Amino acid sequence: MCRNIRTLHNFEPPAAGDEIHAAALQYVRKISGSTKPSQANEAAFDRAVQEIAHITAHLLEDLVTTAPPKDRDVEAAKRKALAAKRFAS
């Protein structure tokens with residue numbers, strides 16, 4: 001999985017629209033192999049991002065779990081510590 005795409009399920013507060021859009025954008029960039037599409041492909045690229053964000057929002061609404069919601073700050077600290085360990089000189 002692309003490292004820039006983060007888990008959005010089971011957080012308190014739930015994932016916001018901008019987080020869902022950012023994940024959809026990263027996904028489309030990854031599978032298209034392009035960070036910025038050409039003018040000829042821009043409409044298809046943007047449409048894909050919107051459709052994936054839409055369906056992702058529905059997926060997150062429909063998922064259920066018995067696990068307690070995760071704390072965003074705690075998860076961010078874990079990622080930061082892992083990155084520090086990974087990139088330590």
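No value in this document is a laboratory result; all are computed from the given coordinates. Quick caveat: nothing in here was measured; it's all calculated off a predicted structure. Note that we place each Cβ from the backbone using ideal geometry, even for glycine, and neighbour counts take in every protein chain shown.
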Can you pull out the helices (runs of 4 or more DSSP H) entirely within the range 14-89 that have at least 2 residues that are within 13 Å of the chain's Cα centre (by Cα)?
-> 17-32, 42-62
Residues that are farther than 14 Å from N10 by Cβ and either exposed (fewer than 14 other Cβ atoms within 10 Å of the Cβ) or touching a strand residue (DSSP E or B) at 6+ places or on another chain (Cβ under 7 Å) (or both), drawn from the range 54-63 | H54, I55, H58
Any idea how many residues of the range 7-53 are within 28 Å of D73 (Cβ to Cβ) and either surrounded by fewer than 12 Cβ atoms within 10 Å (Cβ to Cβ) or free of Cβ contacts under 8 Å to residues at least 24 places away in the same chain (or both)?
-> 9
